[in-house]
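These notes concern the structure reproduced below.
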Amino acid sequence: MRHGAVSFDYRLKPRLDAVASIGLVALASDASIERDWRGLLDADGVGFYVGRVASPAEVTRTGLLAMEPLLVDAMRTLLPESPLDCVAYACTSASMFIGEQRVSDLIREVRPGVAATNPMTASRQALATLGARRVALLTPYLDEISLPMAERLEADGLDVGALGSFFNARDPDVVRIDHDSIVDAALKLVAGRDVDTLFIACTALGASSLVGDLEARTGLSVTTSNHAMAWHALRLAGDQRPSSGRGRLFTLPLDVTGAKGFAVNVP
């Protein structure tokens, strides 16, 4: 006759990650961001954990706004019994239309007091940290998304001196745009333009691994939605360590005290 199992003592670690534990709410249609973030957040003591929110395949203003009521439910699936240092909502265009403050408020309905970010806020903060003045903006979007995004950046005092797009409204297609196409478009967009920074928008457009090469080839500062948000999430989570091989931005700290207009994301 079998007896009960032998009982063993155990100890609990104080937390999952010693330096930074980051939650990521990704779109159901986004097959790029986790690949990008695995490279960007590959550091001792750092972990990120992914939940998904239902999202439309077609990127339109109406479809993006429809995600707002779904965010709280998605947040509830994100390691509900474990502490997180920062939570990031991974949609650049939806953050712009829903509202960056509103996205932070929805995150904090489930995670009171947590630091929060999204690609729009993170990219604006990244551009400010890089000292950008004249920006080239490359997107996959239709004009109904690209033009308001350019206007949002210009409201920060930036000059969007070049705007280019792949004009593809379908996330399942955008995630398949290859690196050669992105590099070719980026180089053509900035050629002969009076710009100092290149920003590649959309979390589905997996371009973070291209940042270092594009900086070397253009002499510009470069960031992307995923790149900026990974940096911002790390810094908000308390990890200010510079790292090499990830572009100029990852060598720079986040100065919260000087981040006018961005403090809403700091608990």
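The values are calculated or read from the model by the stated rules, or taken from the named source; none is laboratory data. Values in this document were obtained by computation on a predicted structure and should not be read as measured data. Cβ: placed from backbone, ideal geometry, glycine included. Neighbour counts: every protein chain shown.
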**Message:** Out of ALA162, ALA126, ALA136, ALA132, I need the residue that is assigned by TED's automatic domain parsing to the domain that holds GLU215, crowded, with 22+ Cβ neighbours inside 10 Å and part of a strand (DSSP E or B). Which one?
**Reply:** ALA136
**Request:** Evaluate the range 40-60: report whether one residue or more is part of a helix (DSSP H, G or I), on the phi < 0 side of the Ramachandran plot and crowded, with 22+ Cβ neighbours inside 10 Å.
**Result:** yes
**Message:** Can you pull out every residue in the range 168-199 that is surrounded by fewer than 19 Cβ atoms within 10 Å (Cβ to Cβ) and among the β-branched types (Val, Ile, Thr)?
**Reply:** VAL183
**Request:** List every residue pair whose Cβ atoms sit under 9 Å apart, with the two residues 6 or more apart in sequence or on different chains, where the first one lies in the range 211-232 and is over 27 Å from ALA20 (Cα atoms) and touching a residue at least 12 places away in the same chain (Cβ under 8 Å) and the second, anywhere, is basic (Lys, Arg) and outside any loop (DSSP other than H, G, I, E, B).
**Result:** GLU215/ARG248
**Message:** Anything in the range 82-111 that is part of a loop (DSSP other than H, G, I, E, B) and hydroxyl-bearing (Ser, Thr, Tyr)? List them, or say none.
**Reply:** SER82
**Item:** Matching residues in the range 112-123 - criterion: being part of a loop (DSSP other than H, G, I, E, B) and either of a type in the set (D, E, K, R) or under 22 Å from SER221 (Cβ atoms) (or both)
**Value:** ASN118
**Residue tally, condition at pLDDT 95 or above, more than 22 Å from LEU249 (Cα to Cα) and acidic (Asp, Glu), over the range 79-108** = 1
**Complete:** Picked from the range 86-116 (must be surrounded by fewer than 22 Cβ atoms within 10 Å (Cβ to Cβ) and either among the acidic types (Asp, Glu) or out of contact with any helix residue (DSSP H, G or I) (no Cβ under 8 Å at 6 or more places or on another chain) (or both)), the residue nearest to ASP171 (Cα to Cα) is GLY99
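So which of ALA207, ALA191 ends up being within 29 Å of SER29 (Cα to Cα), at pLDDT 95 or above and hydrophobic (A, V, I, L, M, F, W, C)? Give the derivation first.
Numbers: ALA191 fails: within 29 Å of SER29 (Cα to Cα).
After applying the criteria, what remains is ALA207.
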**Fill in**
Within the range 39-96, restricting to residues that are touching a residue at least 40 places away in the same chain (Cβ under 8 Å) and of a type in the set (Val, Ile, Thr), the one that is farthest from SER243 (Cα to Cα) is THR60
**the range 209-220: number of residues that are buried (at least 16 other Cβ atoms within 10 Å of the Cβ), outside any loop (DSSP other than H, G, I, E, B) and either among the charged types (D, E, K, R) or touching a Leu at 6+ places or on another chain (Cβ under 6 Å) (or both)** = 1
**Fill in**
Within the range 165-181, the residues that are in a helix (DSSP H, G or I), free of Cβ contacts under 8 Å to residues at least 24 places away in the same chain and farther than 21 Å from THR60 by Cβ are ASP180, SER181
